[in-house]
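Computed from the coordinates by the stated procedures, all read-outs in this text should not be read as laboratory data. Everything quoted here is computed from the prediction, not taken from an experiment. Quick reminder, even Gly has a Cβ in these numbers, built from the backbone with ideal geometry, and neighbours come from all protein chains shown.
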Amino acid sequence: MKKNQKYPIITPLHSPSYLKRGLGGVNDNRLGFTLVEILVVITIIGLLSTIGLTGFQAVTRSGRDALRKTDLEQLRSALEIYKSEENNYPADSGSCSANAGGDFVPAYINPYPFDPKSPTYDYCYKSLGGLTYQLCAHLENGGTTNLCPGEECGSGEICNYRVTNP
């Protein structure tokens, strides 16, 4: 070491022996990775991406379900405003469709909310004698109990979430 130098300079000729050796402890001078090492890394990356993808799909399904619940609450509010002005709830269109709201749509809720996966799933409005109603939707993370008997919330899907008048 020189007088003004605080730390020794390590050169390839003076480097410790463990830096010159491979992992096996022998001077094997290898420059790449073995096939086993590459396969292990690919397997680990595949497992992590699978776990991440399934988690992402669950989160997006939950997000769509939350949007459905919010949409039905907005429809409920519009229906209550309609009832306060007309003294009854609007008649339904007779079938569950993308625009199941009937005649209250332009004046009481604009724009009319659609299911996030429309046209696969739809919201269903059913007037029960003008004095009560039910709004139904299919939740992707919901159960298998049909809460709106006789109705489908999309192409063959049961309505497993229901909102009724307060």
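Close amide H pairs (under 5 Å, H built 1.01 Å from N) link CYS148 with CYS159, residues at least 5 positions away or on another chain.
Computed from the C-beta positions of ARG76 and SER118, the FRET efficiency with R₀ = 22 Å rounds to 0.70.
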